[in-house]
There are 4 protein chains.
Amino acid sequence: MVESYSNTQPIYLQLVQRICRQIVRREVQPGEKLPSVRDLAVQFGVNPNTIQRVNMELERMGVVESRRGQGMFVTEDSTRLTLMREHLKEELITKFASEMKELGYSEDEIIAGIQAFLLP
Amino acid sequence: MVESYSNTQPIYLQLVQRICRQIVRREVQPGEKLPSVRDLAVQFGVNPNTIQRVNMELERMGVVESRRGQGMFVTEDSTRLTLMREHLKEELITKFASEMKELGYSEDEIIAGIQAFLLP
Amino acid sequence: MVESYSNTQPIYLQLVQRICRQIVRREVQPGEKLPSVRDLAVQFGVNPNTIQRVNMELERMGVVESRRGQGMFVTEDSTRLTLMREHLKEELITKFASEMKELGYSEDEIIAGIQAFLLP
Amino acid sequence: MVESYSNTQPIYLQLVQRICRQIVRREVQPGEKLPSVRDLAVQFGVNPNTIQRVNMELERMGVVESRRGQGMFVTEDSTRLTLMREHLKEELITKFASEMKELGYSEDEIIAGIQAFLLP
DNA sequence: GTGGTCTAGACCACC
DNA sequence: GTGGTCTAGACCACA
């Protein structure tokens with residue numbers, strides 16, 4: 001797989017975000033094993049160390065746990081995952097809404113804009 | 001003034017964003033003179049080099065113009081400023097909405113969240 | 001049996017510690033037979049290799065002995081076990097006390113903390 | 001400086017612990033600048049990457065903050081540091097006391113042992 | 001085979 | 001000068 005990365009954000013954070021989302025969206029199931037570090041490195045076209053760092057970060061976030069000599073597994077605690085989903089949602093909304101408010105956009109303006117974007 | 005800066009984004013970009021917003025919100029009026037590089041550096045507690053870079057960026061964006069020997073001035077072209085406001089709005093909304101969509105949140109969920117946040 | 005293991009310490013050492021404690025506390029009596037490698041592997045949910053390693057370690061420490069074709073047995077030398085208990089105690093205390101001292105905690109502070117914890 | 005490292009624990013964790021203790025004990029003052037990554041690497045005889053990782057960890061713990069292009073600084077929030085000291089104390093005591101209790105040592109036995117060790 | 005640590009050395013953006 | 005990221009490649013312990 002050929003991948004391209006934004007310049008402004010470190011690759012490892014982009015990958016963290018990406019995998020985290022797959023997990024939050026349940027594209028990978030709780031308890032499921034992730035590909036090995038080396039495989040992911042090939043898949044994403046980066047150095048194994050970079051993947052290692054991604055895994056560290058994901059583990060610290062609690063979405064993944066490493067089992068020595070076996071691999072990395074999506075945490076089985078699915079309530080935790082739904083909680084994270086809620087948390088993520090709230091965080092994104094709060095950040096967005098406060099920013100828009102600070103810039104002086106009205107509620108109607110904002111909501112209209114979003115609806116316009118989300119229309120099929 | 002004591003300031004704290006996020007670690008992930010360069011200080012100069014944070015300042016660009018900050019000043020840009022003041023202009024968009026018309027806290028600084030079109031045609032108004034910005035403080036000198038030296039003053040801004042003191043005010044924000046950063047190196048004058050950093051302010052130089054901020055000014056360069058702001059000029060490149062077209063929100064300020066430098067008048068030789070006089071200083072930096074907010075552009076007087078106020079239609080340009082309203083355009084920028086629109087552009088900024090659309091950019092932020094698009095980024096936000098596409099991200100939320102990608103994460104699998106429903107339109108209702110998103111709008112309800114925003115309204116909840118914007119309530120008094 | 002479902003078990004969880006700390007990430008920083010090897011599973012086999014955690015098991016060594018665990019079994020060793022059972023012996024020191026006389027939950028398993030001197031001369032008693034330990035379950036077979038296979039059974040322990042099932043019981044702890046680990047690979048039989050890991051149990052082998054645990055047994056090797058326990059034998060090296062002198063708390064169990066293997067009798068060919070019969071299995072692993074807790075050593076019958078009970079003075080050895082009491083000695084081990086003393087040794088373990090001293091080791092743990094020394095490690096703890098020197099660490100606390102190094103961190104600059106006073107004797108009173110330490111003892112008060114322990115008593116507070118050990119209260120009913 | 002020549003340093004030796006325990007085999008069982010990663011070097012970077014040993015350094016984290018070591019520096020963290022210096023900070024908690026106020027051997028380095030709040031707000032003080034740590035030596036540069038490269039200098040520390042030389043001082044401890046390890047690779048700069050290892051120091052980098054140490055700093056990451058220290059920053060995540062909140063005892064240190066990195067200022068871009070300037071260096072790593074001990075956090076100025078000294079109440080946070082005292083809080084950490086208390087937290088660390090409690091953690092160490094709890095871990096120790098529960099372990100001793102689990103092993104069946106009496107309170108008197110434990111306290112006597114500690115006092116014996118701490119005697120001049 | 002797996003993840004984890006470490007080194008060597010490069011390059012970058014920031015100040 | 002500073003910290004931060006990334007690569008390449010080695011070695012280790014664990015299962």
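The values are calculated or read from the model by the stated rules, or taken from the named source; none is laboratory data. Because the structure is a prediction, the values reported are computed rather than measured. With ideal geometry, Cβ positions are generated from the backbone for all residues, glycine too; neighbour counts draw on all protein chains shown. Ligands, DNA and RNA are excluded from the accessible area calculation, which covers all protein heavy atoms including side chains. Shrake-Rupley method; radii C 1.70, N 1.55, O 1.52, S 1.80 Å.
If a residue has to be assigned to a helix (DSSP H, G or I), open to solvent by 40 Å² or more (accessible area, probe 1.4 Å) and either away from chain C (no Cβ under 13 Å) or at pLDDT below 90 (or both) to count, how many in the stretch D:1-16 make the cut?
At the first step, the residues of the stretch D:1-16 found to be assigned to a helix (DSSP H, G or I) are D:11-16.
Checking which are open to solvent by 40 Å² or more (accessible area, probe 1.4 Å) leaves us with D:11-13.
Right, trim to either away from chain C (no Cβ under 13 Å) or at pLDDT below 90 (or both) and you get D:11.
The total comes to 1.
At pLDDT 85 or above and closer than 21 Å to residue A:102 by Cβ: is that true of residue B:24 in this structure?
Details: at pLDDT 85 or above: no; closer than 21 Å to residue A:102 by Cβ: yes.
Criteria not met by residue B:24.
State which residue is farthest from the other protein chains (Cβ to nearest Cβ) when the search covers only the stretch A:71-120 and only residues that are more than 18 Å from residue A:20 (Cα to Cα) and touching a residue at least 12 places away in the same chain (Cβ under 8 Å).
The selected residue is A:110.
For the stretch D:29-81, give me each residue that is polar (S, T, N, Q), open to solvent by less than 70 Å² (accessible area, probe 1.4 Å) and not in a helix (DSSP H, G or I). Walk me through it before giving the result.
First, the residues of the stretch D:29-81 that are polar (S, T, N, Q): D:29, D:36, D:43, D:47, D:49-50, D:52, D:55, D:66, D:70, D:75, D:78-79.
Filter once more, so that each one left must be open to solvent by less than 70 Å² (accessible area, probe 1.4 Å): D:36, D:43, D:50, D:55, D:66, D:75, D:78.
Correct list: D:36, D:66, D:75.
Which condition number in (1) under 16 Å from the mean Cα position of the chain (by Cα); (2) farther than 30 Å from residue A:90 by Cβ; (3) modelled with pLDDT under 85 is the one that residue B:54 fails?
Just one mismatch for residue B:54, condition (3).
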